[in-house]
Every structure is written in structure tokens, then in C-alpha cells.
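The values are calculated or read from the model by the stated rules, or taken from the named source; none is laboratory data. These numbers come from a predicted model, not from an experiment. Cβ: placed from backbone, ideal geometry, glycine included. Neighbour counts: every protein chain shown. Quick note on the areas: whole protein, heavy atoms, side chains included, nothing else; ligands and nucleic acids left out. Shrake-Rupley method; radii C 1.70, N 1.55, O 1.52, S 1.80 Å.
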Amino acid sequence: MTLDKNVRVIPDTLPGIKNVRSFQAGATSSLAEMPRTPKRCGKIVSTVREALHRAGIRDGMTLSFHHHLRNGDLVVNMVLDIVAEMGIRDITLAPSALFPVHEALLRHVKNGVIRTIQGSVNGPVGQAASHGEFVAPVVLRSHGGRVRAIQTGDLHVDIAILAAPSADQMGNVSGVIGPSACGSLGYAFTDAQYADTVIAITDNLLPYPVTPFSLLQTEVDWVVPVEKIGVPEKIVSGTLKITQDPMRLLIAEQVARVVEESGLLIDGFSMQAGAGGISLAASACIRESMKKRGVRGSFISGGITGQSVDMLKEGLFRTLLDVQSFDLEAVASLACNPNHVEMSASFYANTAAKGCVVDMLDVAVLGATQVDTDFNVNVNTESDGVLLHGIGGHMDTAAGAKITVIVTPLFRGRMPMVVDQVITRTTPGNTVDVVVTERGIAVNPGRKDLLDNLRGKGLPLMDIHDLKKMAENMTGVPSMPPFGERIIGIVEYRDGSIIDVIRQRV
Amino acid sequence: MKTGLRRTSLYIPGNNPSMLQNASVYGADCIILDLEDAITVTEKDSARILVRNALRSIRYGTTEVTVRVNALSTHFGQEDFMEIIPMKPDAVRLPKCEAPEDVVQADQLITEIERKNGIEIGSVKIIPMIESALGGINLLDIVRSSRRITGVNYGAEDYTADIGAVRTKEGRELDDIRAKIVVAARIAGVHALDSVFADVNDSDGLFDEAYAARRLGFDGKSVIHPRQIPVVHRAFTPSQKEISFARRVVHAIEEAKQKKSGVIALNGKMIDAPVVTKARKIIALAEAAGYRDEGVLS
């Protein structure tokens with residue numbers, strides 16, 4: 001008998017190896033023990049329905065989505081329509097955020113397909129929540145808090161749906177190319193890593209391998225090509241213009257003055273400011289201050305705009321850490337500039353991670369729908385008590401940044417924005433350092449160091465109680481909106497504790 | 001006048017509640033709540049009501065509050081006075097003044113309303129606006145026609161249209177009226193106030209014009225957008241050199257007073273009253289600017 005030259009004598013036991021198995025070419029029995037389906041060269045299925053079916057969708061499951069397609073998103077509505085057609089009920093929706101376009105989901109709330117939402121509710125969906133239309137209370141989490149909840153199992157995702165601007169047959173996904181390009185896919189990383197099943201839906205299927213890829217074939221189970229995942233002009237805007245509103249500009253200038261005098265505007269400076277009117281203008285003012293002083297910063301984090309890109313090009317910052325790209329310039333820059341880096345929501349803001357970006361921030365400029373005299377901030381509910389906004393990275397950046405600056409007009413219309421007690425506590429006062437309004441600047445008395453830096457610099461510093469009185473002198477004291485007993489929303493702090501609850505409007 | 005300064009007078013359309021509410025937050029020395037050219041005929045009554053209520057309920061702090069009423073020769077003037085004067089604005093801006101009688105008529109009406117409302121006679125001041133060739137010719141008589149007058153202004157657009165001049169960015173066509181305004185204001189002992197600079201995006205052009213106005217002798221300039229305010233204030237901020245000279249003048253005066261010395265001299269030169277007046281004005285401007293090191297007239 002001739003011995004096959006490929007046969008090797010393998011002992012039954014070997015030091016350091018727990019269960020010794022001999023290799024057998026072509027055998028499937030050993031491969032069957034591998035944790036994932038073997039040699040998957042194609043994950044394409046022809047319909048979303050088929051993908052959901054293969055994912056084993058059933059009543060009561062949790063489906064997650066990310067919001068990089070913003071108000072141009074077609075995926076969430078598309079998937080929930082199909083889920084409804086399949087007769088599935090009691091779904092928990094776990095989006096990183098929703099937009100007005102998702103108002104279409106409300107019929108699935110009414111017909112029992114959607115039971116509740118965990119993550120973020122915004123606009124019309126929030127309004128529906130406030131009026132008690134969901135069976136179970138919605139759970140609001142920050143971007144960092146959402147990651148923590150998924151990682152710890154507080155929020156178990158059965159099926160993650162990825163809106164993929166480009167994908168290949170193996171499920172590598174790119175956000176920077178394709179008709180629905182949105183740039184960073186930062187919020188989707190954790191969903192892809194932790195969901196039981198991951199489905200990428202794309203309108204731009206490209207030959208393998210698609211590059212540059214963000215979400216990986218190692219995590220994606222199925223790829224579904226569809227005609228359209230988004231409406232480009234509603235996904236990213238053109239160049240975001242700096243506001244011309246003199247009031248907002250005035251507040252923005254004051255923010256820059258605070259930053260200038262804070263002692264932090266030196267080489268290595270880092271900041272985060274949103275794409276809202278005042279924040280964008282504040283960035284523009286800080287940009288000028290940096291030029292004037294010759295300061296070279298380290299990074300800008302969070303949602304990235306064309307203005308951030310310009311500051312990178314000007315050498316004012318070394319790096320952009322991008323969890324969400326707001327405009328076309330940001331998308332283009334992420335695609336080609338190695339110093340403009342995509343980051344996951346965990347890397348950005350997860351307090352349970354071994355280190356997140358917000359903890360390295362010098363300054364965060366954040367908005368508010370209300371601030372109270374203890375510096376607590378409400379970003380969730382409007383003055384009428386209706387749930388209208390998600391948390392975003394608000395409580396994460398506030399907790400991390402060395403100086404958290406809240407920008408708000410002293411009143412909007414006839415409502416004062418600085419009040420005795422916020423309707424909903426989103427971000428705790430001990431993480432908020434300065435409130436900047438057009439009529440005065442209040443520094444948290446807990447930040448004596450900052451107060452010392454800002455005093456005597458010609459800034460209109462005031463006690464926050466005086467700021468409140470000034471507002472009330474103009475507007476009168478607003479009464480609390482009428483709430484019922486039923487809890488319709490739970491605001492979870494980034495560490496998983498509950499910081500407030502929201503009751504039904506009556 | 002509240003701060004005594006009128007470096008900037010910010011126009012606020014009288015029919016915009018939010019702008020009325022926030023009129024004083026941008027740091028202008030003076031605000032002009034406008035019932036005249038910014039308001040269309042159909043909005044006249046609502047603007048009048050809004051401005052009246054704003055004067056009644058909004059605290060504008062140290063900002064001087066003036067109202068540009070419609071001329072008494074129009075349908076709206078009389079009613080503007082009846083509603084606005086009882087609210088005690090610091091002053092009314094009287095448009096299209098062509099002769100002393102225009103001011104006298106307004107003065108009499110204000111007196112009547114003040115009396116009726118128990119307001120101290122003479123409280124509400126008048127700032128006439130010159131907007132025609134005739135007004136330009138009668139300028140000196142106009143500014144001397146009432147004790148209520150504390151400043152005089154001109155409307156560049158109306159004035160140039162009336163005299164048939166071509167409006168240019170350089171503004172040479174306004175040389176004549178500008179000089180007249182300053183001279184008449186000095187004779188009457190009131191503020192000379194320059195007209196607006198229309199291009200809100202050209203802050204360099206605005207600065208040059210405001211700086212030139214200050215050199216001519218103007219005390220301030222009207223502005224149409226809050227972002228023009230810091231630019232004009234910068235132009236009206238004296239230099240370090242001027243400030244230190246002014247300080248020394250005032251110091252010499254104080255010293256002379258203490259010593260009861262009749263003759264006042266600085267570095268061997270006599271100091272007379274106009275020098276002292278100028279010095280005090282420069283110190284006030286410097287203090288209002290809040291800083292000392294970045295003067296522009298070096």
C-alpha cells in the first residue's frame with residue numbers, strides 16, 4: 001500500500017492545543033463547526049423581504065438603523081413597509097436618529113407593527129410619542145449611550161439594517177461613493193458588530209472589493225440591491241452658509257471671545273461645534289481667532305462641515321474625526337484626505353469604551369431648547385412639553401469637554417430660554433460650564449477657574465439667576481405645560497442610568 | 001441722550017417685533033425705531049402700534065431710543081406723534097425738514113402732548129433730518145429753531161435725488177451737505193450725524209467713510225445693520241496719542257482749578273475752552289470704546 005505523501009501523523013494530543021483535529025482536505029465536517037457559514041462568496045439576495053426572511057424576522061424583534069442619509073433616507077420607511085407586509089408586529093425600532101421624512105412610520109405605529117423606539121425620536125415621530133401613540137415608552141439615548149447599551153446587551157439588536165451608499169457582493173460598504181454618498185458611516189459600526197444579523201441595502205452595487213470600505217464583509221450577512229436608498233439633495237447639503245442673522249452672529253462672537261479668554265486657545269486646541277446656525281457661526285469666529293493668534297489645533301470632532309474641511313486645509317487643525325458628514329465638501333474630503341478620518345460612535349462618545357474622543361475635547365459648543373439656573377440643559381422637549389428632538393452627542397460631549405458652552409437666544413418668540421427648571425433634563429448641569437446668550441454670559445459657579453479667566457475681559461458676565469430674571473422681565477414667567485401621569489419617554493444618561501422621564505402631553 | 005454719545009444710530013423697522021425686541025443688544029449708542037421710509041403705507045398703523053408698545057414695555061437700558069416719525073405734512077405724521085410722544089422716547093427724528101417752521105410745528109405739537117400727558121415740557125428731543133436742497137439751504141435756521149434739537153442728520157439718498165446728483169460709492173456728491181451739517185451743528189451746539197452706508201457687506205468701505213466723517217467733525221453715523229456697529233465704533237475711537245493728550249489737558253485743568261490758577265497751560269501752550277471740550281469728548285469716546293491701545297488716528 002502506497003502512503004499518500006500528504007498524510008501527516010498527527011498525535012491525538014499536543015501541548016497548548018485543546019482539541020486536536022487532523023486536517024482533512026475537502027471535508028466539510030470540521031468546517032461545519034466554524035462559527036459562521038463557510039466560504040461565502042455571495043451574499044446578494046434579490047429582495048429586502050428575502051433578506052429579512054433569511055434573518056429569521058419574527059414578532060417582537062429589534063431592528064436598528066443609522067441616520068447618515070438624514071432627511072433623504074428611503075431605507076427605514078421601505079423596510080418597515082415590507083415588515084408590515086410580512087405581517088410582523090411589535091417591532092422595536094432602534095434608529096440612531098429619525099427625521100421628518102420618517103413621519104410615514106406613524107401608520108405602522110398605529111397598526112401595531114412598531115411597538116416602540118429605542119434610540120432617538122425626532123420631529124413628527126416625537127410628537128406622536130408625546131401624544132401617547134406608542135405602546136411602550138420610547139427610550140432616548142445619546143450617540144455614546146446607544147453604543148454602550150448595544151454593547152452591554154441593554155439594547156439587543158436582532159437585525160441591523162445598513163443603508164449602504166456603495167457595497168460589493170461580500171458586504172463591504174463605502175459611504176463616500178455612489179449616488180447616495182453620505183460620507184462617514186460612524187453610527188452604523190456598532191450595529192454591524194453587535195447585531196445578530198446584518199443586512200446592507202444598497203443602490204450602488206460595485207465589483208468586489210469596494211474601496212474605501214467602512215463597514216466590513218466580516219460583519220455583513222446579506223446584501224440587497226435596490227433601485228434607490230436616498231434622495232441625494234436631502235442627504236447632504238451644499239455649502240452650509242454662515243448665518244446672516246445678527247442675533248446669532250452676536251452670540252457666536254461672544255462664544256469666540258469666551259474661548260479666546262478661556263486659556264485653552266493654544267497649540268493643540270480641539271473643539272466640536274455642530275452645524276446649527278449659531279454653532280457654525282461660532283466655529284467661523286473661532287477660526288478667525290486662531291488665525292489671528294497663530295494657533296494650530298489638534299482636531300475637530302463630531303459632525304463635519306465644509307468649514308471644518310477648510311480649517312483642516314488652512315492648517316488650523318491637524319485632524320478631522322468624522323462621525324457624520326454634513327455637506328458635500330465633507331464627503332469629498334473624507335474620500336481623499338488622509339487627515340480626515342471616519343470614526344465610529346463608540347470611538348467618538350462611548351463612556352464604556354477604553355477611551356473616547358469626547359474626553360480629549362477642549363471645547364464643545366452645544367445648543368439647547370432650555371437651560372435652568374442649575375445649568376441643566378433640555379434638548380429633547382420644546383417649551384410646550386412635546387418631545388421633538390433626539391439627544392445626539394449632547395450629553396457625551398458635555399461630559400467630556402473641558403469647557404462646555406451652551407448657546408441660546410435668551411428667548412425665542414415669547415418663551416424664555418433660561419428658566420428655573422427645565423421641562424426635561426437631558427444634560428446635567430455639572431457638565432455644563434458656560435451659557436452664552438445675546439444679552440449676557442453665565443458661568444457655572446462650580447467653574448471658579450474659568451470665571452477667573454473670563455473676569456475683567458469686557459465680557460457681559462452675569463449670574464444665571466439674573467439672566468433668567470432678565471428674560472422673564474421681557475416674557476413673563478411661563479407656566480409648565482400640562483402633562484398627564486403616563487410616562488411616554490425615558491431619557492437615559494450615557495452611563496445607562498435614567499436622568500429623566502417624559503410624560504404624556506394632555 | 002443717555003450715554004451722551006451717538007457714534008452709531010441703528011435703524012430698526014417699526015413693523016418687526018423681533019427686531020424691536022432685540023434692538024438694543026447690538027451695542028449701538030442710539031436706536032431709530034422707524035415708522036417712515038422702512039414702512040409701506042399699508043403697514044403704517046400696525047408699525048405705529050408696535051413701536052408704541054415696544055416703548056411702553058421693552059427696557060432698552062442705556063441705549064438712546066429715538067423714533068423716526070412720518071413728517072407732519074403726511075397723512076401719518078399727526079397720529080405718529082399722538083401715539084409715540086406719550087411713551088417718552090428720548091427723541092424723535094423729524095424727516096424731510098425744509099424750513100424752521102417744520103421743526104416749530106413739531107415742537108408745538110410735542111409740547112401740547114407732553115402737557116396733556118403730564119410729561120415734563122422739553123423731555124422729548126428733536127433730531128431734524130435734511131433731505132432736500134431747500135432743507136440744505138435753510139439748515140442753520142432749522143437747527144436753531146428749537147431748544148429741543150440735540151442733533152442734526154441728513155438723508156443721503158433723498159438729498160442727492162433732490163439736487164440731481166449722481167450717487168457714487170466715493171460720495172463726493174455729499175461733500176457740500178456734509179460740510180454744511182457739521183458747521184451748522186457746531187454753531188447750534190448739537191451733534192452732527194452722518195448718513196448711512198448702504199453696502200452692508202463692505203466693512204472696509206464703511207470704515208473709510210466713517211473715519212472720514214469723524215475727521216470732518218461728525219459725531220456719529222447712522223447704520224442699517226448690526227454688523228456695521230463695531231466698524232463705525234472703531235472708526236470713531238480716538239488714537240492712543242489723542243487720548244493721552246486729552247488726559248493731560250483734563251489733568252492740567254483739574255490742577256489749575258485746585259490751585260485756583262486763572263491761566264491754564266500745558267507744555268508751555270495755553271489751553272482754551274475748545275481744547276478742553278474736545279479733550280473731554282475724546283475721553284468719553286475712548287471710555288465708550290472700552291480699550292485704549294488700538295486707536296486709528298495715529
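The Cα-based radius of gyration of region A:42-110, divided by its Kirkwood radius, gives an Rg/Rh of 0.95.
Size descriptors for region B:1-84 (Cα atoms only): Rg and Dmax, in that order, 12.3, 36 Å. Around the amide H of B:VAL223, modelled in the peptide plane, lie the amide H atoms of B:SER9, B:LEU10, B:TYR11, all under 5 Å away and 5 or more residues distant in sequence or on another chain. A dipole drawn for region A:48-235 from +1 and -1 charges on Cβ atoms has a positive end, and of A:LEU63, A:GLY171, A:ALA136 the residue lying farthest that way is A:ALA136.
Database remark: amide H of A:ILE44 closer than 5 angstrom to the amide H of A:VAL223 (H placed geometrically; neighbours at sequence offset of 5 or more, or on other chains; Pro and chain starts carry no H).
Quick one: pull the percentage of alpha-carbon pairs in chain B with a separation above 35 Å. Pairs farther apart than 35 Å: 20 percent. With all protein chains kept in place, the per residue accessible area of the protein assembly as shown amounts to 43 square angstrom at a probe of 1.4 angstrom.
Computed over protein heavy atoms with a 1.4 Å probe, the carbon and sulfur contribution to the accessible area of the protein assembly as shown reaches 52%.
Our summary gives chain B a relative contact order of 15 percent, counting only alpha carbon pairs under 8 angstrom and 6 or more residues apart. Principal-axis analysis of the Cα atoms of chain B puts helix B:240-258 at an angle of about 70° to the longest axis. Measuring from centroid to centroid over Cα atoms, what is the spacing of region B:213-287 and region A:338-415 in Å? Here the two parts' Cα centres lie 48 Å apart. Could you tell me which residue out of B:VAL190, B:TYR159, B:ALA179 lies farthest along the dipole of region B:91-216 toward its positive end? Charges go on the beta carbon: Lys and Arg +1, Asp and Glu -1, centred on the Cα centre. The residue sitting farthest along the positive end of the dipole is B:VAL190. Where Rh denotes the Kirkwood radius from the mean inverse Cα pair distance, what is Rg over Rh for region A:357-506? Expressed as Rg/Rh, it is 0.97. 3J(HN,Hα) along region A:425-434: 8, 9, 10, x, x, 6, 9, 10, 10, 9 Hz, from the Karplus curve 6.51 cos²θ - 1.76 cosθ + 1.60 with θ = phi - 60°, whole Hz, x for Gly and Pro. Identify all lysines with a Cα-Cα distance to B:LYS169 below 19 Å; exclude those on the same chain that are fewer than 8 residues away in sequence. Cross-link targets: B:LYS221.
The residues of region A:464-506 listed by number as losing at least 30 Å² of accessible area in the complex, against the isolated chain and with a 1.4 Å probe, are A:ASN473, A:MET474. The HN-Hα couplings worked out from phi for region A:270-281 by the Karplus form 6.51 cos²θ - 1.76 cosθ + 1.60 (θ = phi - 60°) are 10, 8, 9, 9, x, 9, x, x, 5, 4, 5, 5 Hz, whole numbers, x standing for Gly and Pro.
Distant-in-sequence amide contacts of A:ARG412, defined by a placed amide H-H separation under 5 Å and a gap of 5 or more residues or a different chain, comprise A:MET417. Per residue of B:226-238, other chain Cβ atoms within 10 Å of the residue Cβ number 1 on average. Coordinate range of the alpha-carbon atoms in region B:240-289 per principal axis, descending: 33, 19, 16 Å. Mean partner shielding of peptide A:438-449, defined as the number of other chain Cβ atoms within 10 Å of each residue Cβ, is 1. Could you state, as a whole-number percent, how many of the C-alpha pairs of region A:48-235 are farther apart than 26 Å? Beyond 26 Å sits 23 percent of the P(r) for region A:48-235. Please check region B:44-77 for residues whose accessible area, probe 1.4 Å, is lower by 30 Å² or more when all protein chains are in place than in their chain alone. The answer is B:ARG59.
Between B:ARG186, B:ARG144, B:ARG172, the Gaussian network model of chain B with springs among Cα atoms under 10 angstrom shows the greatest mean-square fluctuation at B:ARG172. For chain A, averaging the sequence separation of C-alpha pairs within contact (under 8 Å, six or more residues apart) and dividing by the residue count gives a relative contact order of 15 percent.
Rounded to the nearest 10 degrees, the angle from helix A:143-152 to the longest Cα principal axis of chain A is 40 degrees.
If you take every DSSP beta bridge fully contained in the protein assembly as shown, what fraction is antiparallel? Give it as a percent rounded to 5. Antiparallel: roughly 20 percent of the beta bridges in the protein assembly as shown.
Listed by chain and number, the lysines placed with their C-alpha closer than 19 angstrom to that of B:LYS116 are B:LYS88, B:LYS125; residues fewer than eight positions away on the same chain are left out. Averaging Cα coordinates gives a centre for region B:121-152 and one for region A:252-269; these two points are 47 Å apart. Ranked by the mean number of other Cβ atoms within 10 Å of their residues, highest first, the peptides B:69-76, B:93-100, B:109-116 come out as B:93-100, B:69-76, B:109-116. Once B binds A, the 1.4 Å probe can no longer reach about 900 Å² of accessible area, counting both sides.
Within the same chain, lysines fewer than 8 places from A:LYS457 are excluded, and of the rest, those with a Cα less than 18 Å from its Cα are A:LYS292, A:LYS448.
Seen against the Cα atoms of chain B and their longest principal axis, helix B:175-188 is set at about 80 degrees. Derived scalar couplings between HN and Hα for region B:151-156 equal x, 9, 9, 9, x, 4 Hz in order, rounded to whole Hz, by the Karplus curve 6.51 cos²θ - 1.76 cosθ + 1.60 (θ = phi - 60°), x for Gly and Pro. With N as its number of residues, the protein assembly as shown has a Cα radius of gyration that, divided by 2.2 N^0.38 Å, comes to 1.21. Peptide B:14-23 has a mean shielding of 3, counted as Cβ atoms of other protein chains within 10 Å of each residue's Cβ.
Ligands, DNA and RNA aside, A:MET78 has an accessible area near 40 Å² when probed at 1.4 Å. Here region A:246-480 is treated as a sphere whose radius is the Kirkwood value from Cα pairs; by Stokes-Einstein at 25 °C and 0.890 mPa s it diffuses with a coefficient of 137 µm²/s.
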